[in-house]
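The values are calculated or read from the model by the stated rules, or taken from the named source; none is laboratory data. The model shown is predicted, which means the values in this text are computed figures rather than measured ones. Here the Cβ positions follow ideal geometry from the backbone for every residue, glycine too, while neighbour counts run over all protein chains shown.
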Amino acid sequence: MILLLAVLALQNPPPAPAAQEELAPQVSVAENAVFPHAAISPDGSLIAATFVRNGNIEVALSTDRGRTFRAPVIAMDVKGMARPGARRGPRIAVDGQKRLFIVAPLCFDAAEIAANRAVNELWVSTSGDLGKTYSPPVRINDAPKGARESLFSIALTPAGDLHVAWLDTREDKGPSLRHAKVSDHGRKAGKSTLVARNLCDDCAPAIAVDGKGNPALSWWPTAPPKSTRQPLWCSSANGGAAFSTPAPVTSAETNVTGCPNESPAVALSADGKTLALAWSDLRDIIRDPKLDRTVFWTVGTPPKLPAETPPSTTSFLGQARPALVFDPKGVPWCAWEEGRNGVQQVYAFDGGTRREIAVTLPDDAKGAFPTLAAGGGLVAVAYALGEGVAFRILAGK
């Protein structure tokens with residue numbers, strides 16, 4: 001497999017990564033902040049980033065299409081006690097009315113936190129006045145303490161319905177995958193639906209939604225006997241009331257036997273006709289079986305998807321944490337983190353021009369946790385940069 005990829009790369013060398021001068025400037029969003037997530041309003045006039053800072057859930061907004069961000073403000077005040085952990089940060093979405101939806105795994109019981117018995121629940125808070133005020137948090141998980149793993153994902157419909165998928169622990173047989181819809185502008189969390197059982201207990205599921213409000217999910221299961229793990233996916237044609245039978249995203253042996261410690265990624269085009277799935281696995285080991293992860297993706301018309309390919313064919317050095325988005329024209333984009341130059345960097349790939357983009361450079365601080373967002377002709381990436389959060393427009397102005 002490695003030799004074949006090398007030969008193909010020589011025959012069809014990929015375009016060089018886009019030069020930094022071709023990109024919009026890198027913008028600092030917040031210092032001393034971790035676990036970023038970003039969203040763009042459908043018209044591109046409002047960009048929002050959320051993260052954990054000073055033990056609270058904070059939000060920073062841009063109203064000039066990502067050129068600058070306002071000073072962060074607290075959206076969920078837990079008195080500095082938020083401790084979500086890696087891959088368990090907050091998520092944000094923005095609807096057509098520029099209403100903000102923030103979801104985070106939190107415990108508001110100071111006594112339980114002090115006694116080291118805190119159990120996080122999933123909470124949603126909204127703002128309809130551009131972040132000036134935020135609504136009291138509403139619990140999403142319908143079984144108390146059922147979302148204790150704090151691993152989840154969100155997607156927002158054009159109508160303003162929030163879809164949430166999470167690892168649920170209400171059963172004694174290990175984590176299950178649950179889905180729920182939050183309606184009435186974030187004020188009413190519906191009853192959850194059981195989607196699948198036997199999930200990896202340290203990997204968040206991924207969720208996307210099309211223009212009609214139909215979600216698609218992807219997740220890492222536990223390893224079956226005598227085999228390696230393969231991420232799974234399913235979809236719904238009735239707004240999440242029921243889901244299709246889970247199917248593997250690949251037929252290849254991934255060589256992933258232990259916990260992947262990351263989420264796969266999923267995205268849907270607005271018309272629901274095109275699905276994108278991305279993940280990283282260990283099928284191409286060059287040096288270190290623990291570090292030589294390769295990001296793969298597949299984009300096509302479900303249920304039968306084309307064979308996966310790496311968005312980048314230039315390296316296999318610790319690629320991880322893929323993110324996906326479709327831009328307003330229906331072009332898929334992928335982003336990931338990678339240690340290509342001995343420093344962990346963030347890269348992105350434009351599925352339209354097939355151009356790879358070095359979002360950060362070797363001289364930059366460590367880049368991690370990329371998240372993609374699109375709207376109003378913009379495609380952007382937010383990411384951890386050293387001890388802070390940064391943002392960069394990849395396409396559009």
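Yes or no, residue by residue, for (1) crowded, with 19+ Cβ neighbours inside 10 Å; (2) touching a strand residue (DSSP E or B) at 6+ places or on another chain (Cβ under 8 Å); (3) β-branched (V, I, T); (4) at pLDDT 95 or above:
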residue	(1), (2), (3), (4)
S28	no, yes, no, yes
F51	yes, yes, no, yes
R70	no, yes, no, yes
I74	no, yes, yes, yes
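Where in the stretch 330-397 are there strands (runs of 3 or more DSSP E), lying wholly inside it, with at least 2 residues that are touching a residue at least 12 places away in the same chain (Cβ under 8 Å) and closer than 22 Å to A204 by Cα?
On the way: elements: 332-338, 345-350, 355-358, 367-375, 378-385, 388-395.
Those strands (runs of 3 or more DSSP E) span 332-338, 345-350, 367-375, 378-385.
At pLDDT 95 or above and exposed (fewer than 15 other Cβ atoms within 10 Å of the Cβ), is that true of T193? When the stated conditions are applied, T193 does not pass them. Looking at V256 and the list (1) within 15 Å of P221 (Cβ to Cβ); (2) under 16 Å from the mean Cα position of the chain (by Cα); (3) among the hydrophobic types (A, V, I, L, M, F, W, C), which single condition is not satisfied? Just one mismatch for V256, condition (2).
Going residue by residue through the stretch 297-314, is there one that turns out to be hydroxyl-bearing (S, T, Y) and touching a Leu at 6+ places or on another chain (Cβ under 6 Å)?
Yes: the stretch 297-314 contains one or more residues that are hydroxyl-bearing (S, T, Y) and touching a Leu at 6+ places or on another chain (Cβ under 6 Å).
When the stretch 191-221 is filtered for residues that are farther than 25 Å from T371 by Cα, out of contact with any His (no Cβ under 7 Å at 6 or more places or on another chain) and in a loop (DSSP other than H, G, I, E, B), the ones remaining, listed by number, are K191, R197, N198. For the stretch 240-249, state whether one or more residues are free of Cβ contacts under 8 Å to residues at least 12 places away in the same chain and either closer than 25 Å to E338 by Cα or of a type outside the set (A, V, I, L, M, F, W, C) (or both). Looking through the stretch 240-249, at least one residue is free of Cβ contacts under 8 Å to residues at least 12 places away in the same chain and either closer than 25 Å to E338 by Cα or of a type outside the set (A, V, I, L, M, F, W, C) (or both). Within the stretch 298-306, not a single residue is at pLDDT below 90 and buried (at least 18 other Cβ atoms within 10 Å of the Cβ).
Within the stretch 300-311, not a single residue is under 18 Å from the mean Cα position of the chain (by Cα) and more than 27 Å from L232 (Cα to Cα). If the condition is being loosely packed, with under 11 Cβ neighbours inside 10 Å and β-branched (V, I, T), then the stretch 223-245 contributes only T245.
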